[in-house]
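Taking it in order: structure first as structure tokens, then the write-up.
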Amino acid sequence: MPVTRILTDVLPVSVLIPWRPQPSRLDAFDRLRAWYEREIPEATVRTIDSPDLVFNLAQCRNLGVAAAAPGEVVVLNDADTIPEADALRTAIAAARDDHRVHLPYTEYRWLGRSGSAEYAGGTELIDCTYELVHGACSGVYVTTPEAWQAHGGQDERFRGWGFEDAAWHLAHSTLLGSAPVRHAGRVYALHHVGADRFGSQYDANAALMDRYRGVAGDADGMARLVAEALSASRALAAPGA
């Protein structure tokens, strides 16, 4: 059965882009939207933000998945990252009945300023200059609400830049018994001004990441840490918090 037919069979599928406008990110965002219109026109694409004063990727992703219908396939796509259509379709089809999160890539290419300029000038993504990012586990996720909730989603205490994806990967691997499922393909991260990687919030993120590393492989310890994260999220969402 052709991959395009498989995708049609598993629709509806929603593509959710965590998004808070910043001047240096507008070009990448526009190119991502154009890519979906061209390559996956049958998907519903929308943006999502959270009420956090600091842009909070984890919270955006959790809110997006929570709003999905039971069994719906959801693509969480960072605003600067373009996947490959066939790999994404394969991941969407596979995620429908699998209580794990799927990543539609085995290779994460950061194009940077040079590669992004080449893409803007008409070069195909696969031919653009890039730096290979080893161990990447973010950018594009494919999931159902059931799979996301089964390991607690992402810890919303990771605010601003850093670590929410790596911590999530450890929680998924520990609580679900295996790493997220990867599908052969590439994603391409476009250039934008980087977020600050210093200060009290960054230090807090790094310290929280150390706690995740400390319970990696320990299902009971990870379950307690994830429960703590969920409790903290509910407290922040409570009226008057």
In the range 84-106, residue farthest from residue 150 (Cα to Cα) [restricted to those that are crowded, with 18+ Cβ neighbours inside 10 Å and β-branched (Val, Ile, Thr)]: 90
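Of all residues being part of a loop (DSSP other than H, G, I, E, B) and open to solvent by 30 Å² or more (accessible area, probe 1.4 Å) in the range 45-69, which is farthest from residue 164 (Cα to Cα)? Just the residue, please.
Restricting attention to the range 45-69, the residues satisfying the condition of being part of a loop (DSSP other than H, G, I, E, B) are 49-56, 67-69.
Filter again for open to solvent by 30 Å² or more (accessible area, probe 1.4 Å), leaving 49, 51, 53-55, 67, 69.
Working: 49: 16, 51: 18, 53: 17, 54: 14, 55: 13, 67: 20, 69: 24 Å.
Out of the qualifying residues, it is 69.
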Please state which of the following conditions residue 179 fails to meet, knowing it meets all the rest: (1) closer than 25 Å to residue 87 by Cβ; (2) of a type in the set (A, V, I, L, M, F, W, C); (3) crowded, with 16+ Cβ neighbours inside 10 Å. (3)
Pick from the range 121-134 the residues that are touching a strand residue (DSSP E or B) at 6+ places or on another chain (Cβ under 9 Å) and outside any loop (DSSP other than H, G, I, E, B): which of them is most open to solvent (accessible area, probe 1.4 Å)? 131
Every residue in the range 50-96 that is within 25 Å of residue 230 (Cα to Cα), out of contact with any helix residue (DSSP H, G or I) (no Cβ under 6 Å at 6 or more places or on another chain) and of a type in the set (D, E, K, R), please. 61, 72, 78
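Go through 113, 109 for me and flag whichever is more than 18 Å from the chain's Cα centre (by Cα) and basic (Lys, Arg). I'd like the intermediate steps shown before the answer.
Details: 109 fails: more than 18 Å from the chain's Cα centre (by Cα).
Answer to the selection: 113.
The values are calculated or read from the model by the stated rules, or taken from the named source; none is laboratory data. Because the structure is a prediction, the values reported are computed rather than measured. We place every Cβ from the backbone using ideal geometry, glycine too, and count neighbours over all the protein chains shown. Only protein heavy atoms, including side chains, enter the accessible area calculation; ligands, DNA and RNA are left aside. Shrake-Rupley method; radii C 1.70, N 1.55, O 1.52, S 1.80 Å.
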